[in-house]
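First up is the structure itself, then whatever we jot down about it.
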2 protein chains.
Amino acid sequence: MNKMNTETLYQHGTLAMLVPGLLAGTLSVADLLKHGDTGIGTLSGLNGELMIIGGVVYQMAADGQIRVVGPKEMVPFANVHYAKQEPTTKLTNVDYAQFQQAALDQIGTENIFAAVTVTGKFTRMHTRAVGEQVSPYPTLAATAEAQQEFNATAIDGQVVGYFSPELYAGVVSPGFHLHFLSSDHVMGGHILDFELESGEIAIQPFQNFDLHLPIDNNDFRREHFNSRQVIADIRKAEH
Amino acid sequence: MNKMNTETLYQHGTLAMLVPGLLAGTLSVADLLKHGDTGIGTLSGLNGELMIIGGVVYQMAADGQIRVVGPKEMVPFANVHYAKQEPTTKLTNVDYAQFQQAALDQIGTENIFAAVTVTGKFTRMHTRAVGEQVSPYPTLAATAEAQQEFNATAIDGQVVGYFSPELYAGVVSPGFHLHFLSSDHVMGGHILDFELESGEIAIQPFQNFDLHLPIDNNDFRREHFNSRQVIADIRKAEH
């Protein structure tokens with residue numbers, strides 16, 4: 001298998017693990033970057049929102065600071081892929097719902113995984129970043145209290161994230177899961193809402209979804225997941 | 001990535017695809033065998049139960065016939081992995097429920113994917129094989145009418161299959177999904193029940209679950225899956 005495979009979405013961990021508070025990092029950033037150069041994720045303790053572009057990992061923290069993450073830092077959950085130069089489509093004056101519909105139209109089906117990237121100018125950008133949790137970790141629902149929201153207007157930047165089919169809810173956040181980083185690297189986070197003034201959107205479909213689980217982590221091994229509750233909590237926390 | 005990776009479970013298709021009747025094969029047996037030498041699956045049209053051992057694919061058909069499948073035949077759904085020589089544990093005089101508990105104890109967690117193989121003598125073996133469906137395909141629930149059940153006593157043979165966590169219901173059949181093939185290759189199928197007189201069980205845990213989807217298949221692209229209904233139907237059909 002080609003390591004530079006552009007048809008594979010790699011994921012470490014499941015979103016379900018975060019729900020009961022399995023927030024400790026279980027893969028190093030160096031190991032994560034062996035599977036892709038572009039993606040999103042979070043650090044140990046749910047410390048901020050990660051955006052990976054061109055093999056560089058940026059952390060957007062709850063205090064609003066943005067920094068480059070080192071290879072030894074650990075992630076409990078992240079997605080990466082190798083970016084392929086896909087044709088782009090111009091979108092102008094769309095709100096977040098219209099954007100999602102346009103992206104889904106381009107993917108052409110609700111049943112596959114795809115990367116979604118946008119480079120453009122946003123009339124309005126609304127994000128959040130979760131603050132670092134310490135052990136013993138709280139549940140995902142409880143971390144909402146530690147999140148900070150950010151708002152910007154007339155901001156240039158890049159969106160990176162994924163569309164995932166409904167069937168994989170719990171393993172992933174179903175639908176769109178997108179992060180933002182401004183061009184000047186001073187504003188970003190997990191996208192809650194935006195209005196796009198003008199931008200180029202690119203879709204990269206994947207035929208492979210490669211899931212990697214921390215099978216030697218004792219907390220993960222011992223956890224009794226309630227799948228229905230997990231999915232309900234993810235919908236609440238991620239949207 | 002090493003093609004002979006023994007820590008990866010490969011899956012083509014999702015079980016969810018079978019529920020509304022997406023039963024056409026979308027991967028050749030030759031391509032499937034590029035990802036493992038051991039596994040289970042079904043052929044185009046849900047034609048029988050497949051068992052893959054040592055790179056040989058056996059079809060156990062609804063008429064009771066067992067034959068070797070050729071490289072050009074197509075599968076809509078299958079799992080394979082590269083078998084690793086794992087230590088075995090002896091089990092004697094266990095029914096199917098006791099067997100499942102013993103296997104789960106050996107896996108040591110309900111949260112990871114693992115291959116389960118048994119070589120032994122079965123006091124009783126109860127299997128089924130689904131009969132070939134033709135296009136336009138019926139739903140998975142309707143194929144139950146076309147399945148035949150088989151019973152044997154005092155039979156030697158091999159069990160191959162997987163344990164999958166509950167979280168992946170719909171993508172896979174959660175819990176144990178096991179097929180049987182007798183040593184003399186005259187009886188087998190999807191296991192419904194058994195009693196093991198004496199056998200050696202081996203567990204192979206996987207840290208990677210690699211899912212491959214038929215992203216260019218138009219029927220798959222167009223389908224609107226109802227995740228809740230899919231999971232309910234799978235529980236009914238597979239257990």
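Toward the positive end of the charge dipole of the protein assembly as shown, with +1 on the Cβ of Lys and Arg and -1 on the Cβ of Asp and Glu, the farthest Cα among B:VAL116, B:HIS126, A:GLY131 is that of B:VAL116. About the centre of its Cα atoms, the range A:8-238 shows a dipole size close to 300 debye [charges on the beta carbon of Lys, Arg (+1) and Asp, Glu (-1) only; nearest 20 debye].
Once the Cα atoms are used to define both axes, helix B:227-238 deviates from the longest principal axis of chain B by about 40 degrees. Computed with a 1.4 angstrom probe on protein heavy atoms, the A-B interface buries about 3000 square angstrom of accessible area in total. Computed over the protein assembly as shown, the alpha-carbon pair-distance distribution with 10 angstrom bins reads 4, 20, 29, 24, 14, 7, 2, 0, each value a whole percent. Helix B:96-107 versus the longest principal axis of chain B: what angle, 0 to 90°, nearest 10, using Cα atoms? Rounded to the nearest ten degrees, it is 90.
Shown for B:GLN85: label points 7 Å from Cα along the beta-carbon vector, and their distances to the equivalent points in the other copies, 4.9 nm in ascending order.
Separation of the alpha carbons by more than 23 angstrom is noted, of A:LYS90/A:LYS121; B:LYS34/B:LYS90; A:LYS121/A:LYS236; A:LYS72/B:LYS84, for B:LYS34/B:LYS90; A:LYS121/A:LYS236; A:LYS72/B:LYS84. Starting from the label point of B:ALA102 at 7 Å along Cα→Cβ, the same points in the other copies fall at 6.1 nm, in ascending order. When the other protein chains are added to the chain by itself, burial of at least 40 square angstrom of heavy-atom accessible area (probe 1.4 Å, ligands and nucleic acids ignored) affects these residues of the range B:180-211: B:GLN207, B:PHE209, B:ASP210, B:LEU211. Charge dipole (Cα centre; +1 on Lys/Arg Cβ, -1 on Asp/Glu Cβ; no other charges) of the range A:1-133 amounts to roughly 240 debye. Charges were assigned to the Cβ only: +1 to each Lys and Arg, -1 to each Asp and Glu. The resulting dipole of the range B:61-147 about its Cα centre is roughly 300 debye.
Three semi-axes describe the equivalent ellipsoid of the range B:136-211; taken as square roots of 5 times the Cα gyration tensor eigenvalues and ordered largest first, they are 24, 21, 10 Å.
A straight line joining the Cα centroids of the range B:67-101 and the range B:197-221 runs 11 Å. The apolar share of the surface of the range A:8-238, taken as the fraction of accessible area on carbon and sulfur atoms (1.4 Å probe, ligands and nucleic acids excluded), comes to 48 percent. Counted over the range B:1-121 with a bin width of 5 Å, the fraction of Cα pairs per bin, in whole percents, is 2, 10, 18, 19, 19, 17, 11, 4, 0.
Could you give the accessible area per residue of chain A, probe 1.4 Å, as a whole number in Å²? List each step's numbers first, then the result.
On the way: 9540 Å² over 239 residues.
In whole numbers, chain A has 40 Å² accessible per residue.
Could you compute the longest span of chain B free of trypsin sites (Lys or Arg not before Pro) located in DSSP loops and having at most 16 other Cβ atoms within 10 Å, not counting the site residues? Longest run free of exposed loop sites: B:85-239.
Equivalent-ellipsoid semi-axes for chain B (Cα gyration tensor, √(5λ), whole Å, largest first): 26, 20, 18.
The values are calculated or read from the model by the stated rules, or taken from the named source; none is laboratory data. Everything numeric in this text was worked out from a predicted model, so none of it was measured. Note that each Cβ is placed from the backbone with ideal geometry, even for glycine, and that neighbours are counted across all protein chains shown. In case anyone asks, the SASA skips ligands and DNA or RNA and just uses the protein heavy atoms, side chains included. Shrake-Rupley method; radii C 1.70, N 1.55, O 1.52, S 1.80 Å.
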